[in-house]
Amino acid sequence: MFELVFLSGPKAGVVVPIDKPLVAGRSPDCSLEVPDPNASRQHARIQMDGTGVVFTDNNSSNGTWINDQRISSVIGKPGDVLRLGETKLRLQQRQATNNEEVGSSSVFGFKEVEADLSQSIVLPVADAAPIERGPEVIGQRLAAVLKVSKALVNISNLDQVLNDILDTLFEVFPQADRGFIMLGAEVSRLEAKAIRQRNPRGDELPTVSNSICRRALTSKSAFIFNEGAQNDFDQGLSIVSLKIRSAMTVPLMVESEIQGLVQIDTPDRNRAFAAEDLELALAIAQTAAIAIHNAKMLKRLERETTTRQNLCRFLPGPLAEQAMAGQLDLGLGGRTYPGTILFSDVVGFTRLTESLPPGEVVALMNGYFDRMVPCILRDGGAIDKFIGDAIMAFWGVPIDRGDSALHACAAGLGMQIGLIGFNSLQAARGKTLLSHGIGINSGPVVAGNIGSSSSQISYTLLGDTVNTASRIEHAANPGQVLIAHDTMEQLGGRGFGLRMPPLSARNKSEPLQVFSLRGLKHSGEEVVLYLPATSGPHAVVLIRRLSDLSFIALHPQGCDLGAADLVTATADWPKVVLGRPQVTAVLPTQAGDGHLLRGQFKLPDATLAGLISNQPLTCPVGWDALVR
């Protein structure tokens, strides 16, 4: 396995495995982002040719360089140094050792000889807080912690957080010549994420002691290794070549969870780190660890949010959550669930498409769906599909809480109310008005992944309950929410409306018993309504009965609700006199109301002529008079 190691720049120390073709450049969209102003946006291409790695210049402004030789395309070998702009990367071949698994992405040359740590200054993380010091030390410690806290306010970029930590340590410890941060809870999984050198020494990255890192992580303690102590470091490049005289290694921890470790060192024997320095470094590290933890959590949340949003484009909301948790089998197949299905359909849509330009039809339907979908989602529903101008939604699948019918009916009434405000805005713009019918049915459904095992798969619902809901919707008049007998039964007396005549439906041997839903008990005496009416020449819609038995209606400006009797204006319950309103207030307009006003009033009969009662009324007209 080949990998590239950043040798310079803000990403120094970061390892990038070459396990797929890479495009390197300064653009954030590149698979290998090189944050260098002298690099082109898409500077070079890097790919495996089966045996080696091929570097190809991508017509960059400043050229692509291998070992300080400009190239157009060349096969690289381990040890080659690639330069893009001023940023250098080294090609290396990863080898597994007994203590390190393949896939670990540390850039450091670990030394396997165990170090004698008996002479080191050791400070367990758990003991850092109780140590008492004088006012001067406490003040210094507080100032440093405040400094790093201020530097780490922005946690949206983990790389920036790590570099800010090193910047703060170099400022607080001016003798520090080199520092690095490695993330991971185990030595074999440590990943170099940030490196800083006050006086860079060419292209070589540091070598560190395996035993020191292991001891810091396993003991959860901070260490000082001074040149005078026995075998503080393994006598490798870390001492001989880099002339390290003193070093501090501090684990990064949030409570008992290890985030990684940070180390700084100095070549100045006269300014070796002391116990007070270790306490200060540990105080900074504890604050830094919280910032790292929060940055990682934010990054993971952003990743999960993106994944969830992508899943929600193809799966209904509850199923997307199950897929995120690994609880959903995305293979072909299905199961039977109890659920409630809702279909809605724009009445006369075919005629609309014939009379409007295609672009206007698309804009109209997008605006319509923008109003309808939130009504479904607010009541816990999931969209199965859009079918032209129709919507299919469901509740209770795959998790049945016993209230799917209630929420589906609430969504249906909400969709009818939402269309009022939509049409108000359309009318003000001189645009086309819409009306729709809604059908709801409850019962067993087969839900699962349907499609071709070698091609596209779609999660959907099937079965007689679904087909019947569709048949019921086809019979719904504009402004109607028709619900099946089983759905009305599941409402448990909370639904109010009209018993419709038996409905003959295609492929059904017996007529269906359906109800026109006009109200739904919300809580106490409060009822959500959708009841169109007239007040003299004005169209109004009753949308609520409050707990004090007063009503709320949407009405146009210029309509005096108290000037005339309210009379029903629905095809299934026409011209029923509800009485003259006694207006009590004009309420603030809500965002979804368009240009309509909200009036609050009382009526002589708070049951609306028996509509709000224990038994549904009987529809006085037949299906022959209820033509869509």
Scanning the stretch 1-35 residue by residue, those crowded, with 22+ Cβ neighbours inside 10 Å and without any contact (Cβ under 8 Å) to a residue 60 or more places away in the chain turn out to be GLY25, VAL34
Would you confirm whether or not the stretch 594-607 contains a residue that is assigned to a loop (DSSP other than H, G, I, E, B), of a type in the set (Gly, Ala, Ser) and under 43 Å from the mean Cα position of the chain (by Cα)? yes
Listing of helices (runs of 4 or more DSSP H) fully contained in the stretch 277-391 that carry 3 or more residues being at pLDDT 80 or above: 349-355, 358-378
Can you pull out every residue in the stretch 483-511 that is open to solvent by less than 30 Å² (accessible area, probe 1.4 Å), closer than 19 Å to GLY463 by Cα and either assigned to a strand (DSSP E or B) or out of contact with any Lys or Arg (no Cβ under 8 Å at 6 or more places or on another chain) (or both)? ILE483, ALA484, THR487
Report, ordered by the first and then the second residue, all pairs with beta carbons closer than 9 Å, sequence separation of six or more or different chains, a first member in the stretch 350-372 that is among the aromatic types (Phe, Trp, Tyr), and a second member that is in a helix (DSSP H, G or I). TYR368/LEU419; TYR368/PHE422
Within the stretch 381-391, how many residues are touching a residue at least 60 places away in the same chain (Cβ under 8 Å) and either surrounded by 21 or more Cβ atoms within 10 Å (Cβ to Cβ) or in contact with a helix residue (DSSP H, G or I) (Cβ under 7 Å, 6 or more places away or on another chain) (or both)? 3
Search result, residues across the stretch 182-208 that are crowded, with 18+ Cβ neighbours inside 10 Å, in contact with a Lys or Arg (Cβ under 7 Å, 6 or more places away or on another chain), within 27 Å of THR87 (Cα to Cα) and at pLDDT below 75: PRO206, THR207
In the stretch 550-562, is there at least one residue being among the small types (Gly, Ala, Ser), under 20 Å from LEU617 (Cβ atoms) and over 38 Å from the mean Cα position of the chain (by Cα)? no
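The values are calculated or read from the model by the stated rules, or taken from the named source; none is laboratory data. Remember, predicted model here, so these are calculated numbers, not experimental data. Positions of Cβ are backbone-derived with ideal geometry, glycine not excepted, and every protein chain shown enters the neighbour counts. Accessible surface areas use protein heavy atoms only, side chains included; no ligands, DNA or RNA. Shrake-Rupley method; radii C 1.70, N 1.55, O 1.52, S 1.80 Å.
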